[in-house]
């Protein structure tokens, strides 16, 4: 499984630079403008890639089904699932947790006033990262 994830991440990295954020989303989905504006403050370049099979990408990079959401973002070789708040991403990069592959804001958290963000771990598990 790790070999598949690493291969896909390497392939995606060929298309992305260190400062480029790639947001992969279903063909019928759109991200909130306010969230996209926040991402443009974090990354020098933001590219939206519409895909027919985003679920396949989620599976390939190892996002657990329980914490999946609308889109999957690749930035600086890490995965950010859903509309992860900019504040959480900034905190993540201040001190990247050991054995982590990124963060997730599951779809069931979107409508909550205080949202729980989860840390995605290399071994396919996740745990709470913080509330935003």
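The values are calculated or read from the model by the stated rules, or taken from the named source; none is laboratory data. As the structure is a prediction and not an experimental result, all values here were calculated from the model. Because the Cβ atoms are built from the backbone with ideal geometry, glycine has one as well, and the counts that use them run over all protein chains shown.
Here are some notes:
- Subset of the range 111-132 [surrounded by 18 or more Cβ atoms within 10 Å (Cβ to Cβ) and farther than 19 Å from residue 22 by Cβ]: 115, 117, 118, 119, 126, 129
- For the range 63-84, the criterion of being touching a strand residue (DSSP E or B) at 6+ places or on another chain (Cβ under 6 Å), within 19 Å of residue 104 (Cα to Cα) and either surrounded by fewer than 17 Cβ atoms within 10 Å (Cβ to Cβ) or modelled with pLDDT under 90 (or both) is met by no residue.
- Answer residue from the range 85-110, given it is in a loop (DSSP other than H, G, I, E, B) and touching a residue at least 40 places away in the same chain (Cβ under 8 Å) and is surrounded by the fewest Cβ atoms within 10 Å (Cβ to Cβ) among those: 110
- Residue check for residue 40: touching a strand residue (DSSP E or B) at 6+ places or on another chain (Cβ under 6 Å), surrounded by fewer than 16 Cβ atoms within 10 Å (Cβ to Cβ) and either assigned to a helix (DSSP H, G or I) or at pLDDT below 95 (or both): yes
- Residue that is out of contact with any helix residue (DSSP H, G or I) (no Cβ under 6 Å at 6 or more places or on another chain) and in a strand (DSSP E or B), where the choices are 73, 30: 73
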